[in-house]
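Inspection log for the structure reproduced underneath, given as structure tokens.
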Amino acid sequence: MRRPGLTRRDFLNLSAAAGVTLAFPVFAQQGYPNRPIRLICPWPAGGSTDVVMRAFGESLGKLLGGTVIIENKPGAGGILGAQELVNAKPDGYTLSQIPLGVFRIPHMQKVNFDPLKDFTYIACLTGYTFGMVVRSDSPIMSIKDLVEYAKANPGKFSYGSTGTGTTPHLAVEQFARRAGIKLLHIPYKGNAEGMQAVLGGHVMAHSDATGWASQVDAGRCRLLATYGSKRTRRWPNVPTLDELGYATVSDSPFGIAGPKGMDPALTKRLNEALRKTLDDPAVLATLEKFDQPVIYLDSEGYTKFARETYQLEKETIESLGLTKVS
């Protein structure tokens with residue numbers, strides 16, 4: 001319907017202008033990316049996640065015909081990337097890895113984001129293999145030895161993790177609770193710092209993803225147990241905490257998200273490119289290096305995973321008595 005007083009030419013000109021406005025987001029994407037994409041890794045440089053994210057970033061850049069820059073923002077249990085997304089433009093130039101802590105830590109402390117409202121979940125890609133290591137000269141030869149030592153010396157068995165509220169921390173606390181022992185937790189910013197601590201004798205053990213793999217393979221560390229639902233292919237002789245009777249399982253998928261409000265067409269393009277990175281031999285070799293499986297979910301599946309995981313983490317935090325005080 002034409003507005004009163006408008007000529008046919010005015011009406012056609014306004015209609016054309018409106019058409020340009022409506023088409024602009026799609027048109028703008030045709031030139032995407034025309035500047036570097038920031039892919040935030042909320043862990044320190046040199047750690048296992050950093051290495052994996054750099055492999056994904058390089059592959060993604062090639063597939064998009066642009067450049068992906070990895071920006072490390074370590075600390076706060078891995079949620080600094082998520083915090084960065086809150087104030088970023090939804091233009092596809094700021095993305096972040098989303099570790100499980102993003103769904104957990106909001107139940108433990110006040111944060112500036114809502115995992116269910118503030119992000120565009122683009123694709124889930126892989127997951128960690130977690131485990132606990134001690135130095136190879138440690139008298140602790142097994143989880144049985146650890147439990148016996150901790151019962152005889154309450155609160156004196158020290159272990160490091162990648163931060164308070166991270167999976168490597170809470171999985172061990174869940175195990176300790178079920179084993180009836182009390183351990184001393186020392187949080188670090190990431191794998192590299194934690195491994196330095198255990199190798200330097202500052203802590204008796206370190207709980208983390210497979211950034212410890214090279215030290216285990218080189219004989220400098222001993223892997224006591226892994227936390228997955230089944231034994232790993234790479235260390236088939238190492239038991240899981242679950243099979244040892246401690247009912248502790250932690251398979252930890254992660255993926256990539258952007259700010260809320262991203263154009264669905266842009267989200268789809270990024271999702272398709274990220275899916276193709278999982279066919280890249282360089283990416284697959286990096287995942288193999290850290291014993292990380294391919295766990296692909298598209299945007300819809302990853303969003304559903306986020307909703308379900310947020311609720312499950314709430315239940316876990318409540319069971320451990322770690323819920324934040326209002």
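Look at Asp118 and say whether it is free of Cβ contacts under 8 Å to residues at least 12 places away in the same chain and over 15 Å from the mean Cα position of the chain (by Cα).
Numbers: free of Cβ contacts under 8 Å to residues at least 12 places away in the same chain: no; over 15 Å from the mean Cα position of the chain (by Cα): yes.
Criteria not met by Asp118.
Listed conditions (1) hydrophobic (A, V, I, L, M, F, W, C); (2) closer than 26 Å to Val86 by Cβ; (3) out of contact with any strand residue (DSSP E or B) (no Cβ under 7 Å at 6 or more places or on another chain) are all met by Val283, apart from (2). Please verify whether the range 138-146 includes one or more residues that are farther than 23 Å from Gly219 by Cβ and either aliphatic (A, V, I, L, M) or in contact (Cβ under 8 Å) with a residue 40 or more places away in the chain (or both). Scanning the range 138-146 turns up no residue that is farther than 23 Å from Gly219 by Cβ and either aliphatic (A, V, I, L, M) or in contact (Cβ under 8 Å) with a residue 40 or more places away in the chain (or both). Determine if the range 111-122 includes at least one residue that is surrounded by 19 or more Cβ atoms within 10 Å (Cβ to Cβ), touching an Asp or Glu at 6+ places or on another chain (Cβ under 8 Å) and of a type in the set (Ser, Thr, Tyr). Checked against the condition, which is being surrounded by 19 or more Cβ atoms within 10 Å (Cβ to Cβ), touching an Asp or Glu at 6+ places or on another chain (Cβ under 8 Å) and of a type in the set (Ser, Thr, Tyr), the range 111-122 yields no hits at all. Kindly check whether there is at least one residue in the range 200-213 that is under 19 Å from the mean Cα position of the chain (by Cα), over 24 Å from Leu322 (Cβ atoms) and of a type in the set (A, V, I, L, M, F, W, C). Checked the range 200-213: at least one residue is under 19 Å from the mean Cα position of the chain (by Cα), over 24 Å from Leu322 (Cβ atoms) and of a type in the set (A, V, I, L, M, F, W, C). Applying the condition of being more than 18 Å from the chain's Cα centre (by Cα) and among the polar types (S, T, N, Q) to the range 59-106 and asking which residue is nearest to Ser252 (Cα to Cα) yields Ser59. The residue that is surrounded by the most Cβ atoms within 10 Å (Cβ to Cβ), among those in the range 139-168 that are touching a strand residue (DSSP E or B) at 6+ places or on another chain (Cβ under 6 Å) and at pLDDT below 95, is Thr162.
Pro74 satisfies every condition listed in (1) surrounded by fewer than 19 Cβ atoms within 10 Å (Cβ to Cβ); (2) not in a helix (DSSP H, G or I) except (1). Within the range 93-105, the set of residues being farther than 28 Å from Leu223 by Cβ and crowded, with 23+ Cβ neighbours inside 10 Å comprises Leu95, Ser96. Looking across the range 297-315, the residues that are in contact (Cβ under 8 Å) with a residue 60 or more places away in the chain and of a type in the set (Lys, Arg) come down to Arg307, Lys314.
Can you tell me which residue among Val216, Val283, Val294 is among the β-branched types (Val, Ile, Thr), closer than 19 Å to Tyr128 by Cα and not assigned by TED's automatic domain parsing to the domain that holds Gly65? Write out each step before concluding.
On the way: Val283 fails: not assigned by TED's automatic domain parsing to the domain that holds Gly65; Val294 fails: not assigned by TED's automatic domain parsing to the domain that holds Gly65.
Selected residue: Val216, the only one of Val216, Val283, Val294 that is among the β-branched types (Val, Ile, Thr), closer than 19 Å to Tyr128 by Cα and not assigned by TED's automatic domain parsing to the domain that holds Gly65.
Tally time: how many residues in the range 205-244 are in a helix (DSSP H, G or I) and among the hydroxyl-bearing types (Ser, Thr, Tyr)? So the count comes out to 2. The set of residues from the range 176-204 being in contact with a Leu (Cβ under 9 Å, 6 or more places away or on another chain), without any contact (Cβ under 8 Å) to a residue 40 or more places away in the chain and in a loop (DSSP other than H, G, I, E, B) comprises Ile181, Leu183.
Criterion first (of a type outside the set (Ser, Thr, Tyr) and over 25 Å from Val86 (Cα atoms)) does Asp263 satisfy it?
Working: of a type outside the set (Ser, Thr, Tyr): yes; over 25 Å from Val86 (Cα atoms): no.
In short, no.
Of the set (1) closer than 24 Å to Glu84 by Cβ; (2) surrounded by fewer than 21 Cβ atoms within 10 Å (Cβ to Cβ); (3) not β-branched (Val, Ile, Thr), all apply to Asn271 but (2).
The values are calculated or read from the model by the stated rules, or taken from the named source; none is laboratory data. As the structure is a prediction and not an experimental result, all values here were calculated from the model. When we count neighbours, we look across all protein chains shown, and the Cβ atoms used for this are built from the backbone with ideal geometry, even at glycine.
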